[in-house]
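The values are calculated or read from the model by the stated rules, or taken from the named source; none is laboratory data. On a predicted model such as this, the values are computed, not experimentally measured, just so you know. Quick reminder, even Gly has a Cβ in these numbers, built from the backbone with ideal geometry, and neighbours come from all protein chains shown.
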Amino acid sequence: MSALVIETHGLRKEFRSRRGEMRVAVRDLDLAVPGGGVHGFLGPNGSGKTTTIRMLLGLAQASRGTMALFGEPVPGRLPSVMHRIGAVVESPKFSPMFTGRQNLALLARSIGQPESRVDAALETVSLAGREDDRYKAYSLGMKQRLAIAATLLKDPELLILDEPTNGLDPAGIREIRDTIRELGERGVTVLLSSHILAEVQQVCDSATIIGHGRMLASGSVEELIGTSTTYRVRLADGTAGAETLRAVGMAVRAEADHLVVDTDSPPDLITRTLADRGLYVAELTPVRADLESVFLELTGDSTLGAGPDLGKQADQ
Ligand SMILES: Nc1ncnc2c1ncn2[C@@H]1O[C@H](COP(=O)(O)OP(=O)(O)OP(=O)(O)O)[C@@H](O)[C@H]1O
């Protein structure tokens, strides 16, 4: 059996528009997701992530190519592996008048899982304490966490989450990311689709980047995006500041009125190192790499999505 949990070869999906034009949503995609940890499926809106996931789960038919989950060819052998997979692709239907716990208990019964799993699932997604509130009173983030809890009832080895933080406020986003990270640490293989570079950077061990339905790069997050952070640092004596930071191994570039510092160290090391020399920081701002710049580096093209010209693109 393959060590890869998800594998696609030459996967392709074409849609025909109402005007009869052919649109290629996924083109010749070779996806390889190893077992264990969180794998980011990173691409801008319209790049083909949802379509790929829907094909893997048997919700859409591939136009061409092959797919395997746990080494079993799908969709043919999907029934034999489905019990090992949890997925949140669309918002699941919960009853608004029932509590979170009642909704999960009902679901557990309907899929033949013991009700004893409900408490553990609620605990994992940090809903313990709010489980007896009605679903309709839940925030969007809590609803999303209940959706993840629902997939955990069958104790899946593979969890597929399609943009799970979409539409959430910062607190909700943090809670979902913590939950995903924890699941990855427990040994669940998580495929996390996202269009947010920082999310993949924070949560994932490895990632595949797609654009225009095609794979652009795949590997560890460190290889793909890097883990160092860039800071913009402003202080009165920039020259002395640059020398001091370079002396402790930080990469420093001097701009007109500030320094650009690249480091794996936490930002307080920058302030402490400078203050030890009597140099005081007036501004310290993290500058995040964004998806656009990574795309630009990978493709020389910053038009990220499928774009209106998708159907007309040369199909190399
Ligand atoms: N049923 C459909 N019929 C026609 N075109 C479709 C259909 N589903 C998806 N597409 C097109 O395929 C392309 C890829 O869409 P997909 O939803 O897979 O992208 P995505 O990366 O998941 O983006 P998003 O995050 O916006 O959902 C888009 O151009 C989309 O308009």
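Pairs meeting the criteria (first residue in the range 54-71 and at negative phi, second residue within 15 Å of the ligand (Cβ to nearest atom) and in a loop (DSSP other than H, G, I, E, B), beta carbons under 6 Å, at least 6 apart or on different chains) are R54/A60; M55/A62. Condition (residue is assigned to a loop (DSSP other than H, G, I, E, B), surrounded by 15 or more Cβ atoms within 10 Å (Cβ to Cβ) and among the hydrophobic types (A, V, I, L, M, F, W, C)) applied to the range 110-124: is it met by at least one residue? No; the residues of the range 110-124 include none that is assigned to a loop (DSSP other than H, G, I, E, B), surrounded by 15 or more Cβ atoms within 10 Å (Cβ to Cβ) and among the hydrophobic types (A, V, I, L, M, F, W, C). Taking H9 as the residue in question, decide whether it is over 16 Å from D162 (Cα atoms) and in a strand (DSSP E or B). Criteria met by H9. Going residue by residue through the range 2-24, is there one that turns out to be in contact (Cβ under 8 Å) with a residue 60 or more places away in the chain and at positive phi? There is no residue in the range 2-24 that is in contact (Cβ under 8 Å) with a residue 60 or more places away in the chain and at positive phi.
Only one of the numbered conditions (1) more than 16 Å from the ligand (Cβ to nearest atom); (2) under 22 Å from the mean Cα position of the chain (by Cα); (3) not in a helix (DSSP H, G or I); (4) not small (G, A, S) is violated by L59, and that is (1).
Restricting the range 33-56 to residues that are assigned to a helix (DSSP H, G or I) and more than 8 Å from the ligand (Cβ to nearest atom) leaves a set whose member that is surrounded by the fewest Cβ atoms within 10 Å (Cβ to Cβ) is M55.
Residue pairs whose Cβ atoms lie under 9 Å apart, separated by 6 or more positions or on different chains, with the first residue in the range 87-98 and farther than 12 Å from P164 by Cβ and in the same structural domain as A137 (by TED's automatic domain parsing) and the second modelled with pLDDT of 80 or more and part of a loop (DSSP other than H, G, I, E, B), are F94/Y138.
Any chance the range 13-25 includes a residue that's within 27 Å of E185 (Cα to Cα), within 15 Å of the ligand (Cβ to nearest atom) and not in a strand (DSSP E or B)? No; the residues of the range 13-25 include none that is within 27 Å of E185 (Cα to Cα), within 15 Å of the ligand (Cβ to nearest atom) and not in a strand (DSSP E or B).
Only one of the listed residues (L168, L183, L216) is free of Cβ contacts under 8 Å to residues at least 40 places away in the same chain and crowded, with 17+ Cβ neighbours inside 10 Å. That residue is L168.
Checked against (1) more than 8 Å from the ligand (Cβ to nearest atom); (2) buried (at least 19 other Cβ atoms within 10 Å of the Cβ); (3) among the polar types (S, T, N, Q), T66 meets all criteria but (2). Could you grab me the full set of residues in the range 197-213 that are crowded, with 20+ Cβ neighbours inside 10 Å and of a type in the set (A, V, I, L, M, F, W, C)? Scanning the range 197-213 gives L197, V200, V203, C204, A207, I209, I210.
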